[in-house]
There are 2 protein chains.
Amino acid sequence: MTTVKATKREKFEARDTAIIEAASRVFAERGVDGAKMVDIAKAAGLAEGTLYLYHRNKQELLNAVVGQFWSNLTAGAEQAINHSQPTFQQLQDLASYHLNAMLSQFELVQMSYRVGNTGSVPEQDLVQIRAYVRIFDAVVTRGIDRGEIKPAIELWQWRDIFYGTLEFSARTLKLRGKHQDDGVVNNLIALLRNSLQMAAPQKPQNRDATAADSTGRHAEIMNALHSIQKQLEPPVQDG
Amino acid sequence: MTTVKATKREKFEARDTAIIEAASRVFAERGVDGAKMVDIAKAAGLAEGTLYLYHRNKQELLNAVVGQFWSNLTAGAEQAINHSQPTFQQLQDLASYHLNAMLSQFELVQMSYRVGNTGSVPEQDLVQIRAYVRIFDAVVTRGIDRGEIKPAIELWQWRDIFYGTLEFSARTLKLRGKHQDDGVVNNLIALLRNSLQMAAPQKPQNRDATAADSTGRHAEIMNALHSIQKQLEPPVQDG
DNA sequence: CATTATTACTGAGGATGCCTCATTTGTAAA
DNA sequence: TTTACAAATGAGGCATCCTCAGTAATAATG
């Protein structure tokens, strides 16, 4: 009885994952408005009506897709950061990971601006997005505890500088057809260093070392990114 | 003949402005998807079909609304800046103006993320948005000419820091129900100063003076903001 | 002023796509 | 095999965008 129920649950969740993946692809390809529910159903190998057993309507399906996306990002970001590194190295890794993710999954990012318009509370961010940005908070907080970062003003302001800059930069890079960072990250980290770094560091920071080091870590970050991207790759499928 | 045509043109453009204003209000109230074309038509005192004589479809109408919005913002921003002030004062005024505009017209900002999905080029920013951000470029460029700003790396990177930070901050403030800035602007300007200000300023900058001064300019900035908002206020109208 | 030509506007109806629900299919228990 | 229950289906209802044949308003002409 219990084992059976467990299997059912698994089956249900597996189907749901398949639906979300299919929807993710169709949304990304055709845009939210261009994506027809019947197409998403076909892409998932199901009938249209079946979608509504898993998600109340198109908006909720979109919310699920976007939620899954940020949830994956969170997992990848946690892999991309090494707690034993100096704080600003961690921030640089996080920035690098984030910018690459924004660039390589631009369509999903765009969709994020369309969540939560289903009545109820006027505007509220997705839980998964809040969980994601909390990674930045954690790095900075640890940095303060370690004495590497000044416990300056409001944390959220630094968070907005960090993610705001990276997202706008990603858009600019995308617009210019670039798929790679051009020193945006270095610029941003230098900026944060200027204002946040402790006056008298225990280990006197060698600035050049950080930049040189980052090349070494690049592969590692890209690995984390690719591992989470695999989850979204299209299975063999056709209508 | 020619005079008549001129009058026609005027009449056409007046109607079009009325349509865009009506659409602007209905979109903001009900959301893009919630806004029905027939409601917009009624709000403009017209029949549904008439809208299509002025804009090919709902998407294009939205584009026009958003374009008008940024065009108004540009006019306001140019009023908010005084070229004779020091460069960083101008940047502070621009930041202050921008943040307040984002906060007070949040719905319009949200809509901006929904332009340009009408086939053709994959992604392209609205002309009016590009014109708007060029104000920042102009201030910085003048600052470089005057020798107040270091001709550092890529201008666009600073632009993305500036607008990215302000937009994300606006979202955070909105989410917390605040309608007023809490030092975000000061923080951002201090940051830019650290990295962009010329090492040996002609007039040695008194940092406190800048902050104190800004209170004086606040009224002026809010004026500029309100003058452009009036253009969007609902005329007496009902269905 | 009457008549005609031209332009602007209208709103019923076609087309499309979201969503419901009566029916069918699959699966587990008796 | 039969019965009970859960899962899936897809035709059709419904709402909304958009078109277009017809109407009203305006300008040109006699």
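Observations on the model:
- Per the conditions (1) within 14 Å of DNA strand D (Cβ to nearest atom); (2) buried (at least 18 other Cβ atoms within 10 Å of the Cβ); (3) within 14 Å of chain A (Cβ to nearest Cβ); (4) within 25 Å of B:VAL133 (Cβ to Cβ), the sole criterion not satisfied by B:GLU60 is (2).
- With respect to the conditions (1) modelled with pLDDT of 80 or more; (2) surrounded by 14 or more Cβ atoms within 10 Å (Cβ to Cβ), B:MET222 falls short on a single one, namely (1).
Yes/no matrix, rows are residues, columns are (1) in contact with a strand residue (DSSP E or B) (Cβ under 8 Å, 6 or more places away or on another chain); (2) of a type in the set (D, E, K, R); (3) over 22 Å from B:VAL184 (Cα atoms); (4) modelled with pLDDT of 80 or more:
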| site | (1), (2), (3), (4) |
| --- | --- |
| A:VAL140 | yes, no, no, yes |
| A:ALA170 | no, no, yes, yes |
| A:ASP182 | no, yes, yes, no |
| A:MET198 | yes, no, no, no |
| A:PRO204 | no, no, yes, no |
| A:THR215 | no, no, yes, no |
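- Test: residue in the range B:56-74 that is among the basic types (Lys, Arg) and touching a residue at least 40 places away in the same chain (Cβ under 8 Å): no
- Test: residue in the range B:28-37 that is within 26 Å of A:GLY34 (Cα to Cα), over 25 Å from the mean Cα position of the chain (by Cα) and free of Cβ contacts under 8 Å to residues at least 60 places away in the same chain: yes
- Qualifying residue in the range B:50-59 (condition: touching a helix residue (DSSP H, G or I) at 6+ places or on another chain (Cβ under 8 Å), hydrophobic (A, V, I, L, M, F, W, C) and under 25 Å from B:VAL109 (Cβ atoms)): yes
- Verdict on A:ARG25 being within 14 Å of another protein chain (Cβ to nearest Cβ), more than 12 Å from DNA strand D (Cβ to nearest atom) and closer than 30 Å to A:ASP182 by Cα: no
- Test: A:ILE161 is within 27 Å of B:GLN110 (Cα to Cα) and either more than 14 Å from every other protein chain (Cβ to nearest Cβ) or of a type in the set (A, V, I, L, M) (or both): yes
- Flag for A:GLU78 being surrounded by fewer than 16 Cβ atoms within 10 Å (Cβ to Cβ), more than 16 Å from DNA strand D (Cβ to nearest atom), within 14 Å of chain B (Cβ to nearest Cβ) and charged (D, E, K, R): no
- Matching residues in the range A:28-53 - criterion: being away from chain B (no Cβ under 14 Å) and away from DNA strand C (no atom under 11 Å from the Cβ): A:LYS42, A:ALA43, A:ALA44, A:GLY45, A:LEU46
The values are calculated or read from the model by the stated rules, or taken from the named source; none is laboratory data. On a predicted model such as this, the values are computed, not experimentally measured, just so you know. Please note: Cβ atoms are built from the backbone with ideal geometry, for glycine as well, and neighbour counts cover all protein chains shown.
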